[in-house]
Amino acid sequence: MKVYALLTGRGNNTLRDKNVLDVLGNPVLYYPATAVKASKYVDKLYCSSDDDKILEQAQKIGYEPIRRPMELALPTAQHIDCIYHALGEIQKKEEMPDILVVILANNVTVQTEWVDDCIQTMLDDDSITGVVPVYLDNDHHPYRAKRIDSNGNLVMFDSSHASKAISSNRQDLPECYFLAHNFWVLNVKTLLDQNCMGEPPWGFMGNKVKGYPIEESIDIHDLRDIELAKMWVEENRSDVKVKKYQK
């Protein structure tokens, strides 16, 4: 099966140039991009962005640039529309892939082993529509979520949980997983079939998505996240040369 990788990132962000900020001597996107490039399954590498800096850095690593139109670079743009646009551009040059590994440029927490495991899971069962890393987080469990009502009072965010006997201790709650925004392994046939939509808000992943548990996922949105990314890279990416991070 043909497996392609698509690195995605836009230049119009609250944290300016966050995808190319320096993390121990390399731009942020270097870490997810090189981890996926090292996969034994990935055949071709592409990068979708509106930003010259992102496209240039990705091209240095071996990713073929796809210029994203400005309407898909706005904060209101949907990720799936960027993916569809990229697939359309790829199709102009060659056959569509069977599996697409979507890489988010602002998340350094990617290991090649994880990528290969997720791809292998889909290769073993082509009825699977997606394989995505997830992390356990009972601190932000939906049973603990609140909203402020019209009277200014805190009430259950989801009133259907109000009748349940819910412990305030996180360890007593059912395990709660969140989707990691580092990479997603997607079945392209499902991706293009609007009749195979799955659960929101990532319905495009289809109705048979497998979770791949990891310990943590660091999305970079502010400078504090850069510091966390530095620590993760130093502890987990011994395969690349990095400047020594002084804790």
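The values are calculated or read from the model by the stated rules, or taken from the named source; none is laboratory data. No experiment lies behind these values; they were computed from the predicted model shown. Cβ atoms come from the backbone with ideal geometry, glycine included; neighbour counts cover every protein chain shown.
One residue stands out in region 52-66 among those that are surrounded by 15 or more Cβ atoms within 10 Å (Cβ to Cβ) and touching a helix residue (DSSP H, G or I) at 6+ places or on another chain (Cβ under 8 Å): the one that is farthest from residue 36 (Cα to Cα), namely 53.
When the residues of region 198-217 are narrowed to those that are touching a helix residue (DSSP H, G or I) at 6+ places or on another chain (Cβ under 7 Å) and in a loop (DSSP other than H, G, I, E, B), which ends up farthest from residue 118 (Cα to Cα)?
Taking region 198-217 and keeping what is touching a helix residue (DSSP H, G or I) at 6+ places or on another chain (Cβ under 7 Å), we get 198, 204, 206-207, 210, 212, 214.
Of the ones still in play, those that are also in a loop (DSSP other than H, G, I, E, B) are 198, 206-207.
On the way: 198: 19, 206: 16, 207: 17 Å.
Taking the candidates together, the pick is 198.
Annotation note: Cβ proximity below 8 Å between a residue of region 133-160 that is at pLDDT 95 or above and a residue that is polar (S, T, N, Q) (sequence gap 6+ or interchain) occurs for 133/182; 133/217; 135/217; 138/171.
Check 166, 214, 218, 226 and return the single one that is outside the structural domain of residue 34 (by TED's automatic domain parsing) and either under 24 Å from residue 105 (Cβ atoms) or surrounded by 13 or more Cβ atoms within 10 Å (Cβ to Cβ) (or both). Show your work before the answer.
Working: 214 fails: outside the structural domain of residue 34 (by TED's automatic domain parsing); 218 fails: outside the structural domain of residue 34 (by TED's automatic domain parsing); 226 fails: outside the structural domain of residue 34 (by TED's automatic domain parsing).
The conditions single out 166.
The residues of region 142-197 that are closer than 30 Å to residue 229 by Cβ, in a loop (DSSP other than H, G, I, E, B) and of a type in the set (A, V, I, L, M), listed by number, are 145, 173, 180. Residue count for region 147-157 under the criterion of being surrounded by 11 or more Cβ atoms within 10 Å (Cβ to Cβ) and charged (D, E, K, R): the result is 1. The lone criterion from (1) touching a residue at least 24 places away in the same chain (Cβ under 8 Å); (2) among the aliphatic types (A, V, I, L, M); (3) farther than 23 Å from residue 238 by Cα left unmet by residue 36 is number (3).
Taken over region 1-36, residues that are within 19 Å of residue 93 (Cβ to Cβ) and either among the charged types (D, E, K, R) or surrounded by fewer than 16 Cβ atoms within 10 Å (Cβ to Cβ) (or both) amount to 2.
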